[in-house]
Amino acid sequence: MSTGSGADSAPAPTATHDSTTGGTFSSLKIRNYRLFATGAVISNTGTWMSRITQDWLVLSLTGSAAAVGITTALQFLPMLLFGLYGGVVADRFPKRKLLLVSQSLLGLCGVSLATLTLAGVVQVWHVYLIAFLLGMVTVVDNPARQSFVSEMVGPKQLRNAVSLNSANFQSARLIGPAVAGVLITTVGSGWAFMFNGLSFIAPLVGLLMMRTSELHQTVIVPRAKGQLREGLRYVKGRPELIWPIALVGFVGTFGFNFPIWLTAYADEVFHGGAGMYSFFNILMAVGSLIGALLAARRRSSRLRMVVAAGTLFGLLEVAASLSPAVWIFAVLLVPIGMLGMTTNISANTSVQMAADPAMRGRVMSLYMMVFAGGTPVGAPIVGWISDTYGPRTGFAFGGGISLLAALVIGFVLARLGGLRVKVDLRPGRPHVRFVPREQLATAA
């Protein structure tokens, strides 16, 4: 882990290592993290129920994939506009106290949307407004929650805990869409929103039950001028930070617009309904869960994994966009989910481990800003392309941009690390791999 603050102290941008002991679920041996994870899986289930219900409600109210894109964009617009300030706040205040406030506000937003829907007065502008308010709260909640993980588990278990957080989120994704699909078709959307709002009681209870004496000490950065610029300069001088952040920015902006694509494919391409949309989301969740659990088993986080996973992710999205039958499309969603999660977790872990603890909130806010905050840019574009030229073109466009970004950033990292591509067509050997320049010169 790099702890310096000068640009010339950056290590070679090839790998970030960390040892993890105790197996795939080792972080769960820590009481505070168990409480956190238990509360998270309940609120995450509610969040996925709300996401599925929100997308389908907007599509029902407007009949437009672009409107779904606008809703998604509004939810992530605050991250784009104010995300870096959220990181400054997360570095200045105790993160557990911040999370008690932010999780309460997220629950309040969920209950408000449920009340409007159950009363039969919900309009699309209500959904837009609450999506924007959710985004405003998330500006602080995301960097605080991301960086609070290291306080609960310490540096040795950080990689494992980050992976289990993603596995937790994706496990809830298996349950949430299925339950949402049943509720939408039986009792209506309002009860799915209500479950989401009430589900935030669980993480609040977990946070209150934590033993603060067992939390790892962290640096509380005092208020000072120029902290935002300081964070940007810090990241700018470190290739091991800026390039994975850039890659997840492109992938998040253009490759992760699944609410738009999956609703459009379920409705327009394969002529299904809410049940098919929920089924598509479950398949994505299965792949994502596999990717998260595999990441939890890995003992290091390498930038080459970020690039390789991003490349295959974009390639499979392009392939899925051309699927002639629903079963082919459905099968491809599993590896797409796995590779998307692998890209995100590998980049997230590499960035967290390479960041100085005093800078971690600001670094993670930048990470989340480009990953999630790019959605207000990408979602309307992808939604417009899907409406104008068809969902297949929109999906292929998003996958193609992700593929191109991964290839270009992989080339840049190889150059910075003094690597070149070596092609070896002999049987039993890796056909394409990166090797140092000196090795190529000797082989020549």
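The values are calculated or read from the model by the stated rules, or taken from the named source; none is laboratory data. Because the structure is predicted, anything quoted here is derived from the model rather than measured. For neighbour counting, all protein chains shown are included, and Cβ atoms are generated from backbone atoms with ideal geometry for every residue, glycine included. In case anyone asks, the SASA skips ligands and DNA or RNA and just uses the protein heavy atoms, side chains included. Shrake-Rupley method; radii C 1.70, N 1.55, O 1.52, S 1.80 Å.
With 22 Å as the cut-off, how large is the P(r) tail for region 288-421, expressed as percent of Cα-Cα pairs? Write out the running numbers ahead of the final one.
Details: 4064 of 8911 pairs.
Of the Cα pairs, 46 percent sit more than 22 Å apart.
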Problem - Solvent-accessible area per residue, Å², over region 243-337 with all protein chains present [probe radius 1.4 Å] - result: 35 Å²
Practice task
Treating each Cα of region 158-267 as an identical point scatterer and ignoring solvent, apply the Debye formula and state log10 I(q)/I(0) at q = 0.18, 0.21 Å⁻¹.
Solution key: -1.23, -1.27
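Per Stokes-Einstein, at 37 °C and 0.692 mPa s, what whole-number D in µm² s⁻¹ belongs to region 200-337, with the Kirkwood radius over Cα pairs as the hydrodynamic radius?
Values: Rh = 18.7 Å.
Estimated via Stokes-Einstein, D reaches 175 µm²/s.
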Practice task
Quick one: divide the alpha-carbon radius of gyration of region 228-289 by 2.2 N^0.38 Å and tell me what you get.
Solution key: 1.68
Completion exercise
Using the Cα gyration tensor of region 337-400, the equivalent ellipsoid's semi-axes, largest first and to the nearest Å, work out to 31, 14, 6
Handout entry: Estimated inter-spin distance, Glu268 and Val101, nm [label 7 Å along Cα→Cβ]
Key = 4.2 nm
Exercise for the section: Take the Cα radius of gyration of region 52-128 and divide it by 2.2 N^0.38 Å, with N its residue count; two decimals is plenty. Expected result: 1.34
Completion exercise
Ranked output for segments 164-170, 255-261 by mean other Cβ atoms within 10 Å, highest leading, reads 255-261, 164-170
Completion exercise
A chain fully extended from Thr115 to Leu404 at 0.36 nm per residue, minus the present Cα-Cα distance, gains in nm 99.6 nm
Fill in the blank from the handout: Sorted by accessible surface (1.4 Å probe, heavy atoms of the protein chains only), largest first, Val248, Val121 come out as Val121, Val248
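Based on the Kirkwood radius over alpha-carbon pairs, what is the Stokes-Einstein translational diffusion coefficient of region 323-373 at 37 °C with 0.692 mPa s viscosity, in µm²/s?
Working: Rh = 12.9 Å.
Rounded to a whole number, D works out at 255 µm²/s.
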Practice task
For a label point 7 Å from the Cα of Ala358 along Cα→C-beta, name the residues of region 56-89 whose backbone N is under 19 Å from it.
Solution key: 87-89
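What does the helix-only formula give at 222 nm for the chain: each DSSP H stretch with n ≥ 4 adding -39500 (n - 2.57), the total divided by the residues, and the result rounded to the nearest 500 deg cm²/dmol? Each step should come with its number before you reach the end.
Numbers: 17 runs with 324 residues, N = 444.
Estimated from H runs of four or more residues: -25000 deg cm²/dmol.
Report in % the part of the accessible area of the chain that belongs to carbon and sulfur, leaving out ligands and nucleic acids; probe 1.4 Å.
Numbers: 12390 of 18260 Å².
Roughly 68 percent, rounded to a whole number.
For the chain, divide the Cα radius of gyration by the Kirkwood radius and give the resulting Rg/Rh value with two decimals. List each step's numbers first, then the result.
Values: Rg = 21.4 Å, Rh = 22.2 Å.
Here the Rg-to-Rh quotient is 0.97.
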Practice task
Please turn the phi angles of region 341-352 into ³J(HN,Hα) values with the Karplus equation 6.51 cos²θ - 1.76 cosθ + 1.60 (θ = phi - 60°), one per residue in order, whole Hz, x for glycine and proline.
Solution key: 5, 4, 4, 5, 5, 4, 5, 4, 5, 4, 5, 4
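Net charge within 12 Å of Asn165 by Cβ-Cβ distance, Lys/Arg positive one each and Asp/Glu negative one each, not counting Asn165 itself?
Details: positive: Arg145, Arg159; negative: none.
With Lys, Arg at +1 and Asp, Glu at -1, the neighbours total +2.
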Fill in the blank from the handout: Binned at 5 Å from zero, the C-alpha pair distances of region 278-351 give percents of 3, 18, 26, 24, 15, 9, 4, 1
